[in-house]
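Below is one structure, written out as structure tokens, with a few remarks after it.
FYI, it's all coordinate maths here, none of it is from the lab. Computed from a prediction, not measured in an experiment: that's the story for all the values here. All Cβ positions, even for glycine, are placed from backbone atoms using ideal geometry, and neighbour counts span all protein chains on display.
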Amino acid sequence: MTSDVVALPVLTIGRGTRLRRRFLRRPLAVLGLVLVVLFLLLAVFGPMLTPDPLVQNLSSVFADPSAHHLLGTDDLGRDELARLASGARVSLVAGVLSTALAMVVGTPIGLASGYFRGWLDAVIMRFNDAVLAFPFLIFAVGFAAIFGASLRTVVIALAIGLLPAVVRVARGEAMMLREQDFIDGAVADGARPAGIVFRYLLPNSVNALIVQATVAVPTAIVGEAALSFLGLGLQPPAASWGLMLTSAQQFLVQAPQLAIYPGALIALTTLGFNLLGDGLRDALDPREGR
Amino acid sequence: MTLLSVEHLRVTFDTEDGPVLAVKDMSFTLAAGEILALVGESGCGKSVTAMSIPGLLPTRGVAREGSIRLADRDLTALSERDLETVRGREISVVFQEPTTSLNPAYPVGTQIAEVVRRHQKLRRGQARQRAIELLDLVDIPDPRRRCANYPHQLSGGMRQRVMIAMALACDPKVLIADEPTTALDVTIQAGVLRVIRTLCRTLGTAVVLITHDLGVVAEVADRVVVMYAGRPVEQAPVASLFAAPQHPYTIGLMGALPANALRARSRRLAEIPGVVPPPTSDPDECQFAARCPRADEHCRAARPPLQRRRPDHDTACYHPGQEATHA
């Protein structure tokens, strides 16, 4: 009997439990989580519980809040809450889809770039710099001009705008991981380069990528609002927070709440995602105390 | 029966300070089922020699000459793609650091099963079963439960056992163990060495064991190659080497063993004076001459070739032998 292999009880608590504890200890992180959950509830269930956001009623424009219209009506007598909820759904779709697209495309590119280095890395990074250097709004204007203004165009344009950051994060992780012994071990066991990227680099970069995603979503939400505000995204009469801001401009004195509501929602949602991202980053950081 | 033969291996690294001759002229053979120890101090080229075998040295800035034959194939002529099928299947490596050599993202059972599936057509369940068998083989208790453990939940000794299980997953012909016990507690070293020895005996795996620990050599090896400054200076069966070391360097190494110093009742450990010559040049002289008590003009005029001095016992020295009688 070998003395060193006496079965020790495994005392580690689950990773999930520890993560939850460390996250919940941070008030700002919890606030972020609450804001994000509220946003998700509004986006998912809001449109089901409110009237049709497109139905106009010109006999009651700029109505005050009432039992019938909880936040009143806009310049065309449409239910403001219904429009905000519908706009939340647009923001969610734009934010999540464009982030997902950027992550799915950018992660393998960044990991491969950081792992293989050499000319591949040089080419990818120069391309990355080029995207980064080009002003996003000008790019988006051109993109919308070519492909037509629509939610799909916005999502694709945003994904391209988010790509460089994702590539950089993934590349950094790969460069750090490739020096680790277990990568040498995998090579020594006959692992193929593609296997190393997807089985070794990807799962070990998940933490950084999750944090990156929570930062990308609010960027995309603001981006969607900005593009819609400029008329490059969703087209009226559809409801989007950016579009609602555009039309509220004309009535800023008469009905300032029409600008305040979507503006506040953009701010709160962005803040929520950013706080959530910070909280996750801290909670996932292994150097932090337990 | 020669399984692996390394002939006139020469490895040069291109660095900013000029070429570094890590391995100058290394030749040895390994028979099937044999445990060969590669011994020498830091920087003598033992790891570089071993890593050259499965082609694990970086490709950029490294020049490798000579031949490395596994059975009838010259490994130096294989493409990277072909080497991938050799690694892990015919030649496996166990590294020094068990702490960082496992993928932290997966349970160890999954990692072993993955190596199995990489080289053998097995179903997921079968590979998993094989992983449990392998963990059992390396003396890990309760292997079924340990399979689900992540590397950070295992002790260093257990991790090294997992590494050995992974290396042996596909019944390789050759196992390269690069200082497999250096990072472990002394108490745990013995267990891990025993696992390597008994497993390789039962499976018939040949082993290249790299170490600077002569105690480890005495415990597990069949044959020993002593390296100095990128060349073999002595090679012999383990019994012959310990009974009658021929090269002054080997004799010096043995004198530095605490047990031997104790036996000789000396108050301090014997040491070899001086340091290893820098690996930047390769003059035609005995590289050990500067540190050798027996060195003379002859040693500084021409490099001594590896010659058979005793049965199956080769030494590269003009003044070999147990005591310095030639001086």
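Look at the dipole of segment B:76-123 built from charges on Cβ: of B:L83, B:V94, B:Q120, the Cα furthest out on the positive end belongs to B:Q120. Put a dot 7 Å past the Cα of A:A100, heading toward its Cβ, do the same for B:T2, and the two dots end up 6.1 nm apart.
Inter-chain Cβ neighbour count for B:80-92, averaged per residue, equals 3 (cutoff 10 Å, partner chain atoms only).
Averaged over the residues of A:199-206, the number of partner chain Cβ atoms lying within 10 Å of the residue Cβ comes to 3.
With a Förster radius of 56 Å applied to the beta-carbon distance between A:V30 and B:T202, the computed FRET efficiency rounds to 0.45. With loop defined by DSSP as not H, G, I, E or B, and exposure as at most 12 other Cβ atoms within 10 Å, which is the longest segment of chain B clear of exposed trypsin sites (Lys or Arg not before Pro)? Answer - B:124-264. Cysteines in the protein assembly as shown that lack a partner Cβ within the 4.7 Å cut-off: B:C44, B:C147, B:C170, B:C200, B:C292, B:C317. Taking a point 7 Å from the Cα of B:L122 along the Cα-to-Cβ direction, the residues of segment B:192-214 with backbone N closer than 16 Å to it are B:203.
Taking 24 Å as the straight-line reach from the Cα of B:K173, the lysines in range (excluding those fewer than 8 positions away in the same chain) are B:K46, B:K121.
The angle between the Cα long axis of helix B:108-119 and the longest principal axis of the Cα atoms of chain B comes to about 80 degrees, rounded to the nearest 10. When DSSP beta bridges are restricted to pairs lying wholly in the protein assembly as shown, around 65% turn out antiparallel.
Using θ = phi - 60° in the Karplus curve 6.51 cos²θ - 1.76 cosθ + 1.60, the 3J(HN,Hα) couplings for segment B:225-241 round to 10, 8, 9, 9, 6, x, 9, x, 10, 7, 9, 6, x, 4, 5, 5, 5 Hz; x is entered for Gly and Pro. Listed by chain and number, the aspartates and glutamates whose C-alpha is less than 20 Å from the C-alpha of B:K24, apart from same-chain residues fewer than 8 away, are B:E7, B:D14, B:E16, B:E41, B:E65, B:D74, B:D178, B:E234, B:D282, B:D284, B:E285, B:D314. Take every residue in peptide B:95-105, count the Cβ atoms of other chains within 10 Å of its Cβ, and give the average of those counts. Taking all residues of B:95-105 together, the mean is 6.
Distance between the pseudo-spin-label points of B:D185 and A:M48 (7 Å out from Cα toward the beta carbon): 5.8 nm. With respect to chain A, whose longest principal axis is taken over its alpha-carbon atoms, helix A:257-284 is tilted by about 10°.
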